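Notes to accompany the following structure.
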Amino acid sequence: MVRAAVAGIGGRMGSRIAQILSQTDGITLVGGCERPGHAVVGCDLGTLSGSRPSGVLVQDAVERVLERCDVLIDFTAPEASLNHMKAAAAAGKAVVIGTTGFNPTQVEHIGTLAQEIACVLAPNMSIGVNVLFKILRDMTRLLGPDYDVEIVEAHHRFKKDAPSGTALKLAEAVAQARGLAMDEVGVYARHGLIGERPRDAIGVQTLRGGDVVGEHTVFFLGMGERIEVTHRAHSRDNFARGAILAAKWVVGKPAGLYSMLDVLGIAQ
């Protein structure tokens with residue numbers, strides 16, 4: 001039985017992970033933490049996850065839950081996730097991170113910490129999206145450079161980073177398949193008299209509003225036809241299930257930085 005703790009357990013993702021985790025075989029919820037002063041600190045973990053009272057309370061420091069668990073699941077914010085991973089590395093515990101919006105320095109720091117513990121880092125834990133990452137490279141190669149590629153993503157009004165980590169990962173998959181670098185060909189906004197579209201450009205555009213859980217469409221635009229590949233998340237449950245699958249998989253793995261493609265056994 002894998003023992004899991006959830007960081008940010010009072011958040012939109014954290015609370016849903018806790019609820020689904022408590023109903024999943026082979027893994028048990030043994031702890032949760034939130035930032036100091038959050039309303040759920042001190043609440044019973046069982047009650048919070050929709051089951052019977054457990055006598056275990058939500059803590060305001062990650063160190064207090066790491067001693068009880070085998071793996072920490074984290075969907076918080078970049079700085080918080082990095083601090084949680086530092087604590088997990090000190091405790092020798094595996095981590096699953098679904099947080100997005102890391103800057104290059106933070107990603108490098110995660111990679112360094114992953115030399116000490118096993119870490120699954122993924123901008124999107126959905127099985128469907130990760131299969132899309134896999135097949136997108138093949139589509140790009142087969143269609144060739146004559147098809148322009150544009151990616152449009154939409155999320156709820158509360159999302160803080162843009163473009164989404166998933167959109168950036170999709171764009172990176174296309175760029176890699178074409179032997180290009182996104183920092184050279186990425187186009188993230190258009191306004192005014194911009195001239196003709198550069199041949200190698202990969203566009204990534206962002207929509208924000210309402211309660212959209214997450215939508216991503218990759219357009220392959222050719223002369224006389226276009227192909228659209230769309231993934232729509234109807235709820236956060238698929239992200240939660242993917243994170244729990246990753247948590248069950250990563251425990252016992254050697255130190256290293258893993259992706260959901262590794263979890264699913266479809267890594268390139």
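Annotations for the structure displayed:
- One residue alone among Ser235, Ser259 is more than 30 Å from Asp148 (Cα to Cα) and of a type in the set (S, T, N, Q), and that residue is Ser235.
- Test result for Thr24, under 28 Å from Ala233 (Cα atoms), in contact with a Lys or Arg (Cβ under 7 Å, 6 or more places away or on another chain), among the polar types (S, T, N, Q) and in contact (Cβ under 8 Å) with a residue 12 or more places away in the chain: no
- Subset of the range 55-73 [hydrophobic (A, V, I, L, M, F, W, C), open to solvent by less than 60 Å² (accessible area, probe 1.4 Å) and either farther than 15 Å from Arg35 by Cα or in contact with a helix residue (DSSP H, G or I) (Cβ under 9 Å, 6 or more places away or on another chain) (or both)]: Val56, Val58, Ala61, Val62, Leu66, Cys69, Val71, Leu72, Ile73
- The criterion of at least 2 residues that are over 28 Å from Pro254 (Cα atoms) and either open to solvent by less than 20 Å² (accessible area, probe 1.4 Å) or of a type in the set (S, T, N, Q) (or both) is met by the following strands (runs of 3 or more DSSP E) wholly inside the range 85-202: 148-155.
- Restricting attention to the range 25-37, the residues that are open to solvent by less than 40 Å² (accessible area, probe 1.4 Å) and outside any strand (DSSP E or B) total 2.
- Search result, residues across the range 102-112 that are over 18 Å from the mean Cα position of the chain (by Cα) and under 18 Å from Phe75 (Cβ atoms): none
- Near pairs, Cβ below 8 angstrom, 6+ apart or cross-chain, from the range 209-222 (touching a residue at least 40 places away in the same chain (Cβ under 8 Å) and over 22 Å from Asp161 (Cβ atoms)) to any residue that is part of a loop (DSSP other than H, G, I, E, B) and open to solvent by 50 Å² or more (accessible area, probe 1.4 Å): Gly222/Asp146
The values are calculated or read from the model by the stated rules, or taken from the named source; none is laboratory data. The structure presented is a predicted model; accordingly, all values stated were derived computationally and were not measured. Here the Cβ is made from the backbone with ideal geometry for all residues, glycine too, and neighbour counts use every protein chain on show. The accessibility values were calculated without ligands, DNA or RNA, using every heavy atom of the protein model including side chains. Shrake-Rupley method; radii C 1.70, N 1.55, O 1.52, S 1.80 Å.
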